[in-house]
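A.B. asks: Questions regarding the structure given below will be posed in turn.
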Ligand SMILES: [Zn+2]
């Protein structure tokens, strides 16, 4: 399976290696984070001196063009584009540290959801609002 993540805005490829690289910011702290490319895997790579407390909300942005990745309709979710062997999907993931919620959407519906906190989000019905 090949995974190719890209920025919805500038289309830059965000996982040149195995890890998805994103910028995240909160107050005056800005850092780069590495995320596991497989939806539902929550291994993260952080700079060693950085503490990220569970429950804190972070703003994720594209490290190339600085575009904010927040979903327009749910400010607690961020979005990325993902091209896989069998087509392109949209990935939504929580921007709250420690919260495990990831969604895979194709053009018309929710394909997969992952993570112990995903039930907090109702994408099963009315998910079209996430597809703007
Ligand atoms: Zn970008």
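A.B. asks: Give the distance, in whole Å, between the Cα centre of the stretch 76-105 and the Cα centre of the stretch 1-43.
C.D. replies: 10 Å
A.B. asks: Let me ask something else. For residue 107 and residue 30, compute 0.36 nm times the residue count separating them, minus their Cα-Cα distance, and round to one decimal in nm.
C.D. replies: Stretched out fully, the residue 107 to residue 30 stretch lengthens by 24.5 nm.
A.B. asks: May I ask you to order 98-107, 25-34 by the average number of other C-beta atoms within 10 Å around their residues, highest value first?
C.D. replies: The most tightly packed comes first, giving 98-107, 25-34.
A.B. asks: Rg to Rh ratio, the chain, alpha-carbon atoms and Kirkwood radius?
C.D. replies: So for the chain, dividing Rg by the Kirkwood Rh gives 0.93.
No lab work stands behind these numbers, since they all come straight from the coordinates. The structure presented is a predicted model; accordingly, all values stated were derived computationally and were not measured. In this analysis, Cβ positions are derived from the backbone assuming ideal geometry, glycine residues included, and neighbour counts consider all displayed protein chains.
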